[in-house]
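> To start, I am sharing the structure in question, which I have written as structure tokens.
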Amino acid sequence: IQVAPGVSLAGAEASVSALGGIVDFRSELTNQLSLTIDDSQLPALASLGTVLRIFHVPQGTILGHATGHRTHVGIQPFITGLVSVSVTLEEVVNYVGAPKLWDRGFRGGGVKIGLIDTGMDESHPMLEGKVVARKNFTPGPDTMDRNGHGTWVASSVAGKEWMSPVGLLIGVAPDAVLVNAKAFEGDAADYDGIMAALEWAALEGCQVLSNSWGGEDYPPLQDLVRAIRNKTGAIVVAAAGNSGPGAGSMQYPGGYSDVIAVGSIGTAAPSQDAVAGFSSRGPGPGGIVKPDLVAPGGTEEECIYAAIPGDDVGCYRGTSMATPLVAGGIALLLSAGSGVEPRAIARDIGPPGPDNDSG
């Protein structure tokens with residue numbers, strides 16, 4: 001629910017409790033409460049003077065999965081199709097130009113990146129000692145990654161150098177540190193738990209928040225990402241979605257103007273810089289150009305090897321995979337300060353200027 005202006009969240013919570021409602025998430029940055037309540041109490045809830053609006057809480061889903069081309073991982077494909085090319089995390093990190101800033105001494109040092117995902121295998125060689133805070137927002141028992149997705153994303157954004165079964169791997173911002181905000185136990189989760197994880201990571205002092213998940217438009221989510229940007233200064237990065245190639249297929253929070261949305265391209269298959277057919281396109285609400293950026297996340301014909309739990313690697317594709325590359329790139333720019341322009345590691349691959357396919 002959105003609480004009416006001038007009403008404290010504590011007062012609204014008391015009113016909800018009187019109707020038998022149980023508060024699941026109480027925002028510290030917005031006028032929102034998420035609650036579980038019997039359907040029969042909805043008319044009474046709507047009549048409360050403390051309540052401005054009522055929403056049904058939707059679900060978000062992670063936006064990248066293992067392909068049929070993988071090692072020692074039993075996750076079923078999410079995007080079907082024959083993979084003809086596999087590349088490694090090191091290859092895509094080079095592709096986006098991160099070593100240009102590493103060579104100048106900018107490797108993400110001093111930057112804290114929050115990952116709202118399926119948890120992490122913090123004992124993986126790429127992640128040992130990288131996580132400075134962790135919290136579980138799922139029904140699961142802990143912040144361990146039993147899905148594979150979160151460990152993959154974490155290794156991509158800030159993983160340490162590791163000689164893996166497929167060769168040397170390293171993340172975009174290897175000197176950055178990570179905050180593990182586990183919002184997913186499986187592939188889907190309710191928005192209130194995801195939003196609680198996102199807000200917690202922001203309040204932990206993360207300068208960058210990486211979100212390799214998406215779902216439907218939800219006004220309280222838009223309010224939260226705007227509040228995070230305005231009140232904490234954190235930069236919110238999110239996957240554009242795997243619902244392309246139709247116009248207006250952006251998922252959220254990537255579709256919001258306060259969020260940097262990331263689409264997926266290939267490095268080799270079907271060609272260099274080819275926008276994946278599954279990568280969601282703009283425009284966003286009000287005709288804004290989306291996505292904002294694209295990065296290698298694979299295509300229908302290409303997947304990327306990075307870390308998965310158990311000291312192993314998996315080949316994944318999706319806009320989930322592109323998102324941490326951009327989040328890590330932002331960490332490099334933050335560690336560099338004002339002396340480096342974003343174009344040091346970015347280029348325009350589409351028609352001149354912004355467009356709704358490649359940003």
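> How about the range 16-44: which of its residues are surrounded by fewer than 19 Cβ atoms within 10 Å (Cβ to Cβ) and in a helix (DSSP H, G or I)?
Ser17, Ala18, Asp39, Ser40, Gln41, Leu42, Pro43, Ala44
> Among the numbered criteria (1) closer than 30 Å to Lys130 by Cα; (2) at pLDDT 95 or above, which single criterion is violated by Ser280?
The one condition Ser280 does not meet is (1).
> What number of residues within the range 103-126 are farther than 25 Å from Phe184 by Cβ, of a type outside the set (Gly, Ala, Ser) and in contact (Cβ under 8 Å) with a residue 40 or more places away in the chain?
As a first pass, look at the range 103-126 and keep what is farther than 25 Å from Phe184 by Cβ: 103-107, 109-110.
Now narrow it down to the ones that are of a type outside the set (Gly, Ala, Ser): 103-104, 106-107.
Pick out the ones that are also in contact (Cβ under 8 Å) with a residue 40 or more places away in the chain and you get 104, 106-107.
Looking only at that region, the number is 3.
> Quick one: in the range 124-159, which of the residues that are aliphatic (A, V, I, L, M) and more than 24 Å from Thr88 (Cβ to Cβ) is surrounded by the most Cβ atoms within 10 Å (Cβ to Cβ)? Reasoning before the result, please.
If we filter the range 124-159 for residues that are aliphatic (A, V, I, L, M), which is where we start, we get 126-127, 131-133, 144, 153-154, 157-158.
Still in the list and also more than 24 Å from Thr88 (Cβ to Cβ): 132-133, 144.
Details: Val132: 13, Ala133: 17, Met144: 21.
Once the filter is applied, the top-ranked residue is Met144.
> Here is a further query. Which of the residues belonging to the range 181-194 are of a type outside the set (A, V, I, L, M) and either over 13 Å from the mean Cα position of the chain (by Cα) or open to solvent by 10 Å² or more (accessible area, probe 1.4 Å) (or both)? Spell out how you get there, then give the answer.
Residues of the range 181-194 of a type outside the set (A, V, I, L, M): 182, 184-187, 190-193.
Selection gives Glu185, Gly186, Asp187, Asp190, Tyr191, Asp192, Gly193.
> Output the residues belonging to the range 195-209 that are crowded, with 24+ Cβ neighbours inside 10 Å and in contact with a Leu (Cβ under 8 Å, 6 or more places away or on another chain).
The first filter runs over the range 195-209 and keeps only residues crowded, with 24+ Cβ neighbours inside 10 Å, leaving 195, 197-199, 201-202, 206, 208-209.
Within the range 195-209, Met195, Leu198, Glu199, Ala201, Ala202, Val208, Leu209 qualify.
> Of the residues Asp121, Asp117, which single one is of a type in the set (D, E, K, R), over 20 Å from Ser264 (Cβ atoms) and either modelled with pLDDT of 95 or more or open to solvent by 30 Å² or more (accessible area, probe 1.4 Å) (or both)? Talk me through it step by step, then tell me what you get.
On the way: Asp117 fails: over 20 Å from Ser264 (Cβ atoms).
Of Asp121, Asp117, the one residue that is of a type in the set (D, E, K, R), over 20 Å from Ser264 (Cβ atoms) and either modelled with pLDDT of 95 or more or open to solvent by 30 Å² or more (accessible area, probe 1.4 Å) (or both) is Asp121.
> Is there a residue in the range 304-319 that is under 28 Å from Gly109 (Cα atoms), modelled with pLDDT of 95 or more and polar (S, T, N, Q)?
The answer is yes; a qualifying residue exists.
> Could you tell me whether Gly244 is open to solvent by 10 Å² or more (accessible area, probe 1.4 Å) and in a loop (DSSP other than H, G, I, E, B)? Give the derivation first.
On the way: open to solvent by 10 Å² or more (accessible area, probe 1.4 Å): yes; in a loop (DSSP other than H, G, I, E, B): yes.
In short, yes.
> Quick test for you: out of Ser279, Ser271, pick the one residue that is crowded, with 24+ Cβ neighbours inside 10 Å, assigned to a loop (DSSP other than H, G, I, E, B) and among the polar types (S, T, N, Q).
Just a single option satisfies the conditions, and that option is Ser279.
> Kindly provide the set of residues from the range 146-176 that are without any contact (Cβ under 8 Å) to a residue 60 or more places away in the chain, more than 18 Å from the chain's Cα centre (by Cα) and under 20 Å from Gln207 (Cβ atoms), ordered by number. Before you say what the answer is, go through the steps one by one.
First pass over the range 146-176, keeping only residues without any contact (Cβ under 8 Å) to a residue 60 or more places away in the chain: 150, 160-161, 163.
Those still in the list that are more than 18 Å from the chain's Cα centre (by Cα) too: 160-161, 163.
Selection gives Lys160 alone.
> On the basis of being touching a residue at least 24 places away in the same chain (Cβ under 8 Å), hydrophobic (A, V, I, L, M, F, W, C) and surrounded by fewer than 21 Cβ atoms within 10 Å (Cβ to Cβ), does Val340 make the cut? It would help to see each step written out before you state the result.
Working: touching a residue at least 24 places away in the same chain (Cβ under 8 Å): yes; hydrophobic (A, V, I, L, M, F, W, C): yes; surrounded by fewer than 21 Cβ atoms within 10 Å (Cβ to Cβ): yes.
Criteria met by Val340.
The values are calculated or read from the model by the stated rules, or taken from the named source; none is laboratory data. It should be emphasised that the depicted structure is a prediction, and the values quoted were computed from it without experimental measurement. Counting neighbours? That spans all protein chains shown, and the Cβs are built from the backbone with ideal geometry, glycine included. Note: areas computed on protein heavy atoms with side chains; ligands, DNA, RNA excluded. Shrake-Rupley method; radii C 1.70, N 1.55, O 1.52, S 1.80 Å.
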